[in-house]
Amino acid sequence: MEKSLLRFVTSGSVDDGKSTLIGRLLYETNCIFEDQYEAVKKTSKKTGKKEVDLSLLLDGLSAEREQKITIDVAYRYFSTAKRKFIIADSPGHEQYTRNMVTGASNSQLAIILIDARNGILTQSKRHGFLISLLQIPHLIVAVNKMDLVDYSQEVFEKISDEYLTFSEKLDIHDIIFIPISALKGDNVVSVSSNMKWYDGKSLLQILEDVHVTADRNLIDFRFPVQYVLRPHQDFRGYAGTLTSGTISPDEEVLILPSGKTSVIKSIVADNKELKEAYAGQAIVLTLKDNLDVSRGDMIVRKNNLPHINDFFDAMLCWMSEIPLSGSKHYLLKHTTQTVKVYIKKIHYKININTLHRQKTTDLTLNEIGRVEIKTAKPLFFDAYKANHGTGSFILIDPLTNHTAAAGMIREIPHTVSEWKRSMPLAISHHEKNLRWEAGNIPLSIWEEHNGHKAGIIWLTGLSGSGKSTLAKHLVKELFERGCQVMYLDGDNIRQGLNNDLGFSQADRTENIRRIGETAKLFFSQGNIVICAFISPFQKDRDFVRSLVPKDRFIELYMKCDIEVCKERDPKGLYKKAYAGEIPDFTGVSSPYEAPAEPEIAIETDVKGIQENLSLVLDYLVKQQFIE
Amino acid sequence: MDHYKQSHLKQLEAESIFIMREVVAELKNPVMLYSVGKDSSVMLRLAQKAFYPDKLPFPLMHIDTGYKFPEMYEFRDKHVKKIGADLIVERNEEWIKKNAHPTYLGNDKCCYYLKTMGLLNAIEKHGFDAAFGGARREEEKSRAKERVFSVRDKHGQWDPKNQRPELWQLYNTIIDQKETIRVFPLSNWTEVDIWEYIKLEQIPVVPLYFSKERKVIIRDNVIIPFYSAETVDPENKLNIKNSQVETMMCRFRTLGCIPCTGAVRSDAKTIDDIIREVREAKKSERENRLIDLTSDSAMEQKKKEGYF
């Protein structure tokens, strides 16, 4: 069987047993050698310790052994029959953030150790925050030293619950709790009989089994050209590693920044040709056309482009003794290109103990903050969250040549004003002979980029007719099919944009007008906009219809008997309306005008949600909105 | 999804290739240090892959002390010729003429003059700004703290407390004039990985790695190969008697200079035997490397001076 590879980071601080745990993992998997072990034993004895101090094994530098602290990230290796493991062992005290971020940047999993006697400390939370910031897909919280709390289930559960509650504030998706004793070996390699109440796997079993293939982005093909190979006149190959996605010969591709298109001729890997290449493979691509492509260019699919911009927001982790202030010019290395940049603004820094944002004018060593960056030429990037390879960068101080910061590009703002503010970018689209600038991208280009038509789906009907339920199912379904979808409903509009409006006829008209204009903006940038509003008046609905081309507005009538609505009454509104507490309530004290010619009419009191959902989807396919 | 699963060896391979391409793209005049050992063999094979169908875009350089095994010289010349690489051989002739020898100078000094000085002089002579080395982090505790791209000052020295953090695959290769970078594409490989890859790729290695009956003498619990009294004790100061020379089944886990490279008792005659032996090994790979044993931080000291 072929082994797979798992890289993980361990974090913890003095006395939490991290070194003991790593020592045990290495020892039990036969990855500590006798001569190394004997050397450690000798030193342990010399320093008057009863037990063999496995942490000595881990401190590589003489200064570390002298000062009895770990200065730098160290890399450890062990393997089992199933997997090879690379541990990035980051020390807990000095330079903590810098080391943890360094170790975490290439990790697929993180282990946080918590001392069962002390419970959750500020630093356990700090570790969690960094793991969330670096978007490590899997987190194991190991509650250690269980032997010192009598293997108490209660203690373990209290810590787990508390940490779980805290982690809800973070962006962590997969979190596993495990009670262990690294010193005694409980639940480290095999499941311990001392904790019969624990019905999970041992730590090593978890490490062996955790599924990591799915963590990679295999959707968005991104190939930063690393090096051009020209051994002779007849061969021109582009060497590089696929950051994400997959690619095959005969696929059409687009080269950034030139915007030229071509077709993959072959994928060369050593003296073999591949039928398909995927994220992580180091390959050479050849193209059918003879184009001028060089290092720093990016090969992508025509219908799946990264952001192309010379302006973006990022989270920075500052790693230099020289703070970010005063002179703010740096070099930025992103994929295979290095460009000059200017830090325009520091929005805030994060107090990593409280997670609160603080106004600031500088960033010092180990601080994390959000900044605005302007680059000398456009970069081709994705948000870090969607794509680590095209969303990460480092800043280099041009004076010292030192790596000054690690950066993660934030998701692109969705509001119109921010979009318009983004810097203009010109890439030519040769086939259509079109040029566009950011903020001025024609709908057809959006639609080609998204791979579906844009439109407004307008759900109208009485309160309780099932609009939100159907709309939410529809949003989820379209999202999962990869569509750009925007959802507007009474709750999210009335609380914000329209919180100055009441329920009089005039206000209702204004309400729908604003919603219509909002929907139009999203529509014009390629979204399928799903709107769920009672919208009782035909003229208001017709106004929205008039904002977009004829075949792009889908009126969806949610037909439901008012008696059924009253019975459902999900928000208790009918009850209040009949009690006279809500004036102008549609269907009770205000009229509802049913659509005369809706594109789709659904009898929600007769059919179930799945049936109604497929009805809508069938319509969208038939009208070629989606495939 | 499993269709897109890379084995650990393929992932290590891709990482090493990425590193090599990055060096060639960003630095002006790189060289690959070639010590003829198993790690060098793997590194060389990876370099061929990284630049196929082109030939290697850099020369190989062997820092020769004159004390290597005859099998190593023979293998080196044959193999380099076969793959069509350019090989530079550099020796610190000044100290070789002075008869620098570990038995008399001591290991540390001998290494310093013949290897470290030899390397630093050669790098300066050819104006190399980057040198690939086959060192692995697993080998030795100070190497566990080494960067993949290790910046050296104008004297070739390593400052472990002032290393650049390495994030993602974004390697900072910017250096000032006279500074150089040592690059370790095999940083994350272990001894077992190396042998598994040699098997997978059928990479030729020096026959000294395979076990056979060899003449040895035992000094301070280390099994030293005995080619002739000349190699171990050229001036006959140790008074080695023929009765001390014995024959045993042994092989070498690492290769260096004859007087400083200990053998291990072994029956491993094939690559599969070796993989099995290494997996079950109770002793570390460098336990018989006399040059590591002089003190607790022998390697760290050498690296600070400019050793790779």
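Looking at A:S132, A:S192, A:S124, just one residue is hydroxyl-bearing (S, T, Y) and within 20 Å of A:V212 (Cα to Cα), and that residue is A:S132. Tell me, which residue of region B:154-164 that is open to solvent by 60 Å² or more (accessible area, probe 1.4 Å) and charged (D, E, K, R) is farthest from the other protein chains (Cβ to nearest Cβ)? Once the filter is applied, the top-ranked residue is B:K154.
Look at (1) in contact (Cβ under 8 Å) with a residue 60 or more places away in the chain; (2) outside any strand (DSSP E or B); (3) farther than 30 Å from A:N304 by Cα and you find that A:C483 fails only one, number (3). Just so you know, in region A:269-299 the residues that are touching a Gly at 6+ places or on another chain (Cβ under 9 Å) and modelled with pLDDT under 95 include one that is farthest from the other protein chains (Cβ to nearest Cβ), and it is A:A279. If we keep just the residues of region A:553-594 that are of a type in the set (V, I, T) and open to solvent by less than 20 Å² (accessible area, probe 1.4 Å), which is modelled with the highest pLDDT? Here the answer is A:I554.
Just one of the listed residues (A:K333, A:K385) is open to solvent by 60 Å² or more (accessible area, probe 1.4 Å), touching a strand residue (DSSP E or B) at 6+ places or on another chain (Cβ under 9 Å) and either within 11 Å of chain B (Cβ to nearest Cβ) or part of a loop (DSSP other than H, G, I, E, B) (or both), and it is A:K385. Within region A:201-242, the set of residues being modelled with pLDDT of 90 or more, farther than 19 Å from A:K302 by Cβ and either facing another protein chain (nearest Cβ under 8 Å) or touching a Pro at 6+ places or on another chain (Cβ under 6 Å) (or both) comprises A:Q226, A:Y227, A:L229, A:R230, A:P231, A:F235, A:G237, A:A239, A:T241.
Of the strands (runs of 3 or more DSSP E) lying entirely inside region B:26-127, the ones with 3 or more residues being touching a strand residue (DSSP E or B) at 6+ places or on another chain (Cβ under 7 Å), open to solvent by 10 Å² or more (accessible area, probe 1.4 Å) and away from every other protein chain (no Cβ under 14 Å) are found at B:87-91.
Here the condition is being open to solvent by 40 Å² or more (accessible area, probe 1.4 Å), without any contact (Cβ under 8 Å) to a residue 24 or more places away in the chain and not aromatic (F, W, Y); of A:K265, A:K340, A:K275, A:K302, it holds for A:K265 alone. Quick check on region A:524-544: of everything there that is in contact (Cβ under 8 Å) with a residue 60 or more places away in the chain and open to solvent by 10 Å² or more (accessible area, probe 1.4 Å), which residue is farthest from A:I441 (Cα to Cα)? Result: A:I534. Identification of strands (runs of 3 or more DSSP E) wholly contained in region A:73-190 with 1 or more residues that are more than 14 Å from chain B (Cβ to nearest Cβ) and either at positive phi or surrounded by 21 or more Cβ atoms within 10 Å (Cβ to Cβ) (or both) yields A:109-115, A:138-144, A:174-179.
The listed residues are A:G280, A:G240, A:G296, and the only one of them that is assigned to a strand (DSSP E or B), touching a residue at least 40 places away in the same chain (Cβ under 8 Å) and crowded, with 17+ Cβ neighbours inside 10 Å turns out to be A:G240. Looking only at region B:168-215, residues that are within 26 Å of B:E74 (Cα to Cα) and basic (K, R) come to 4 in all. Considering only residues in region A:511-541 that are closer than 20 Å to A:G587 by Cα and charged (D, E, K, R), the one that is modelled with the highest pLDDT turns out to be A:R541. Checked against the criterion of being within 19 Å of A:S266 (Cβ to Cβ), out of contact with any Cys (no Cβ under 8 Å at 6 or more places or on another chain) and in contact (Cβ under 8 Å) with a residue 12 or more places away in the chain, region A:205-221 has at least one qualifying residue. Checking each residue in region B:131-153 for being open to solvent by less than 10 Å² (accessible area, probe 1.4 Å), within 7 Å of chain A (Cβ to nearest Cβ) and not in a loop (DSSP other than H, G, I, E, B) picks out B:A144, B:K145. Look at (1) hydroxyl-bearing (S, T, Y); (2) assigned by TED's automatic domain parsing to the domain that holds A:S248; (3) under 24 Å from B:L167 (Cβ atoms) and you find that A:Y330 fails only one, number (2). With respect to B:K178, is the statement that it is at positive phi and either touching a Pro at 6+ places or on another chain (Cβ under 9 Å) or not aromatic (F, W, Y) (or both) true? So B:K178 fits the description; yes. Candidates in region B:2-25 are the residues that are without any contact (Cβ under 8 Å) to a residue 24 or more places away in the chain and in a helix (DSSP H, G or I); of these, the one that is least open to solvent (accessible area, probe 1.4 Å) is B:A14. When each of A:F8, A:F33 is tested for being touching a strand residue (DSSP E or B) at 6+ places or on another chain (Cβ under 9 Å), assigned by TED's automatic domain parsing to the domain that holds A:L109, hydrophobic (A, V, I, L, M, F, W, C) and at pLDDT 70 or above, the lone residue that passes is A:F8. Cβ-Cβ distances below 7 Å connect the following pairs, each with a first residue in region A:22-40 that is facing chain B (nearest Cβ under 9 Å) and farther than 17 Å from A:I86 by Cβ, a second residue that is among the aliphatic types (A, V, I, L, M) and assigned to a helix (DSSP H, G or I), and a separation of six or more residues or different chains: A:Q36/A:L57.
Count of region A:478-509 residues, restricted to those that are open to solvent by 50 Å² or more (accessible area, probe 1.4 Å), over 34 Å from the mean Cα position of the chain (by Cα) and acidic (D, E), is 1. In the set (1) free of Cβ contacts under 8 Å to residues at least 40 places away in the same chain; (2) open to solvent by less than 30 Å² (accessible area, probe 1.4 Å); (3) not aliphatic (A, V, I, L, M), A:K550 fails one condition alone, (2).
The values are calculated or read from the model by the stated rules, or taken from the named source; none is laboratory data. Keep in mind the model is a prediction, meaning the values are calculated, not measured. Virtual Cβ from ideal backbone geometry, glycine too; neighbours counted across all protein chains shown. Surface accessibility is based on the protein's heavy atoms, side chains included, excluding ligands, DNA and RNA. Shrake-Rupley method; radii C 1.70, N 1.55, O 1.52, S 1.80 Å.
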